[in-house]
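Reading through the structure tokens given below for one structure.
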Amino acid sequence: MPEIELRGITKRFGKVTAAENINLKIRDGEYVTVLGPSGCGKTTLVKILSGIWEPTEGDCFIDGRKVTGIPTYERDLGYIFQNIALFPHMTVWQNANYAPIVKDWDREEADKVTTESLELVKSLRRKGFKPFELSGGEKQKVGIARALCAGSKLLILDEPLSALDARVRLELRYEIKRLVKERGLTAIHVTHDQEEAMSTSDRIVLMRAGRIVEVETPENLYNRPKNLFTANFIGEANFIEGSILQCGTGEIAECKTGPLSECGSDECIMETRHKHRLVIKNPAGQFKVGHGVVVMVRPENLSISHDEKEHSLEGRITDKIFMGSFIRYRVGLVTDDTVLVEVPEADDKIFNIGEKVNVKFRPKKLLVYPQPMEGLKEVLSLE
């Protein structure tokens, strides 16, 4: 199982920088997803790693071996393409068996590996079919089998599911991860689909504009994002801007606005742009009076009711969407902010568009970030 390392990788196409100073280590047996919006440099990164493109600067290492300048066929990797690339004149068996034959393996060993790989992707019974006789999902399964037949321990998947319909994508994403783990492979999976990345990855490499923003487990990226772009790109998020009005000093500090009753030594009061207040956590005294901040909260960490409660703000429901297991409400707050609130569908309380409600904010579920100098809109931009 290979360990991968990228050191100072930069790729320029004329005046355009597609990847800039990328440093990344991928451990043996990891399933790592490279995630980000279109044009962020995901595919550029894996094409450099696979040898399809050479970096303008920097080096790639596979198992400690420097592979910069070494052609793709000498890097011992399997590559699964976004566009399903099977030989149209060959059968399923011949496509999967291609790499062992080219590598001049013993015929018996080649046939054994091909049989095992087609069985793993549940395609052996179609071994006599040609690509035009297969569905999109079946073709991609054969593409996976062909990559496995190469005997490589490194598997690169360049948006392999994007051309497939939703149901097939869902089925294949779990099949691919199962195969990778069963075979003990190291996998690098490129996608712009965050749900795909969250459900399959050991770690996610989040990219934006040719740079790595953050590398973390799916759980940490969702629950504890280190920056505002991550918080916005991974899952749904609400953002409220304001400034620190009052900080706890070790004693209980009285808050002067209705239901927002009190804050302790590790909490402080944030005043929104429209003079309404929220109690927020202030670990290690990170924020001081006058600091500009942005509060982020996930829709499932808010609740709504008709009752005025502690840590709540008034609002009016402007939209309501049934999402199956939950109902998503859009609420316009008195702060002139709009928030999404997700309520379990099984909840007895159903609210209607136009109703006045109170949205409850729980201080422990609020993540607080310093106000970005370039402005919130710019930081959240996908470009």
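The values are calculated or read from the model by the stated rules, or taken from the named source; none is laboratory data. Just so it is clear, the model here is predicted, and its values are computed rather than measured. Positions of Cβ are backbone-derived with ideal geometry, glycine not excepted, and every protein chain shown enters the neighbour counts.
Across segment 134-163, the qualifying residues are those that are under 23 Å from K112 (Cα atoms) and among the small types (G, A, S), and the one among them that is surrounded by the most Cβ atoms within 10 Å (Cβ to Cβ) is A145. Residues in segment 164-214 that are out of contact with any Asp or Glu (no Cβ under 9 Å at 6 or more places or on another chain), charged (D, E, K, R) and not in a helix (DSSP H, G or I) were compared, and the one that is surrounded by the fewest Cβ atoms within 10 Å (Cβ to Cβ) is D165. Among the residues making up segment 355-373, a single one is under 25 Å from the mean Cα position of the chain (by Cα), closer than 24 Å to D319 by Cα and buried (at least 19 other Cβ atoms within 10 Å of the Cβ): L366. Criterion applied to G250, G242, G264, G258 was being among the small types (G, A, S) and at pLDDT 65 or above, and the one residue passing it is G242.
Taking every residue in segment 111-135 that is in the same structural domain as R169 (by TED's automatic domain parsing) and small (G, A, S) and pairing it with any residue that is crowded, with 16+ Cβ neighbours inside 10 Å and at pLDDT below 90, at least 6 positions away or on another chain, the pairs with Cβ-Cβ distances below 7 Å are S117/A145; S117/L148; S117/C149; S123/E138; S123/K141; S123/V142; S123/A145.
Within segment 333-353, does at least one residue satisfy the condition of being outside the structural domain of I269 (by TED's automatic domain parsing), hydroxyl-bearing (S, T, Y) and more than 13 Å from V294 (Cα to Cα)? No: zero hits.
Of all strands (runs of 3 or more DSSP E) completely enclosed by segment 1-109, which ones contain at least 1 residues that are surrounded by fewer than 13 Cβ atoms within 10 Å (Cβ to Cβ)? First the steps, then the outcome.
On the way: elements: 4-13, 16-26, 31-35, 57-62, 77-80.
The strands (runs of 3 or more DSSP E) meeting that bar are 4-13, 16-26.
Which of the residues belonging to segment 153-184 are among the small types (G, A, S) and either touching a residue at least 24 places away in the same chain (Cβ under 8 Å) or in contact with a helix residue (DSSP H, G or I) (Cβ under 8 Å, 6 or more places away or on another chain) (or both)?
Correct list: S162, A163, G184.
Within segment 334-383, being touching a His at 6+ places or on another chain (Cβ under 8 Å), closer than 16 Å to R298 by Cα and either charged (D, E, K, R) or part of a strand (DSSP E or B) (or both) holds for K360, F361, R362.
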